[in-house]
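Q: Structure in structure tokens, see below.
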Amino acid sequence: MRRSSPPASAPRADTPLAEPLLAAGRPESAVDMWLGQQLRQLRKQHGRSLADVARACGMSVGLLSQIERGLSSASVKILHLLAREFSVSVNTLLRNAEHTEIEDGGRVARAGTHRYIDLREKGIVKEMYTPPACRSMDLCRATIEPGGSTGNELFVTGQGEQIGVVVRGVLELWVGDRVVLLQEGDSFCYASSTPRRWRNPGAQTTEVIWAISNINQAAGDTTQPAP
């Protein structure tokens, strides 16, 4: 007589959060990429290992690694746990990550309530202007200090298209194997899936406004891509 398999045991309450299944090597969004790099820099500044921080926050090492690489979004709960471990406020990591006041059904986002990402090590500050109710478009502003850049590696984010305009300074934009130097008033576009990188090669601060059409969000995916 064949012996039946024992029933699967219920997961323990203290079982670390497992990482989600994701497409290999592709960031969830540029917002996740910037946040992940901030978290990695903080962890290294504190001289702590991935395993140490993951254990303290009750999550798997794999999940923390994916968050640091931008391959997974950090929930508000995880942000609070990580902020506690690094002795910083959640707003230091991602200002206004929670929309505490929804006005006009989320169709209005007042000044001072936008999500704000400060990646000082790369010389980039980003402010997301998109109101909570918006599903198919995003709008953001990037402030890039002289020498600030996304790094030497090309990256991609989501689907849809992106249009940008340089409102101050200059921007060196790499799209695939081509590079173009953009001046104040110049505009540009590319598909979000196009490999790219950019930097400010000038001596003054650069500001760029990006508008992003978001196919995934229009279809019901809440992931928010950015430049």
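Q: Carbon and sulfur atoms: what percent of the 1.4 Å accessible area of the stretch 40-165 do they account for?
A: 48
Q: Any number yet on Rg/Rh for the stretch 108-206, C-alpha, Kirkwood?
A: A ratio of 0.96.
Q: Starting from 0.36 nm per residue, how many nanometres of slack lie between Val76 and Tyr190 once their C-alpha separation is accounted for?
A: Additional length available on full extension: 37.9 nm.
Q: Roughly how many nanometres apart are two label points built 7 Å out from the Cα toward the Cβ at Val180 and Asn152?
A: 2.6
Q: May I ask you to give the solvent-accessible area per residue for the stretch 35-157, in square angstrom, as obtained with a 1.4 angstrom probe?
A: For the stretch 35-157, the per-residue accessible area is 49 Å².
Q: Using only alpha carbon positions, build the gyration tensor of the stretch 157-219, then give the equivalent ellipsoid semi-axes as the square roots of 5 times its eigenvalues, largest first, whole angstrom.
A: 23, 13, 8
Q: Determine, from the Cβ-Cβ distance of Val167 and Arg120 and an R0 of 25 Å, the FRET efficiency 1/(1 + (r/R0)^6), rounded to the nearest 0.05.
A: The formula returns an efficiency of 0.70 here.
Q: Set the Förster distance to 45 Å, then compute FRET efficiency between Cys134 and Arg84 from the Cβ-Cβ distance, nearest 0.05.
A: Step by step, r from the Cβ atoms, then E = 0.90.
The values are calculated or read from the model by the stated rules, or taken from the named source; none is laboratory data. This is a predicted model, so every value here is computed, not measured. All Cβ positions, glycine included, derive from the backbone under ideal geometry; neighbour counts span all protein chains shown. Ligands, DNA and RNA are excluded from the accessible area calculation, which covers all protein heavy atoms including side chains. Shrake-Rupley method; radii C 1.70, N 1.55, O 1.52, S 1.80 Å.
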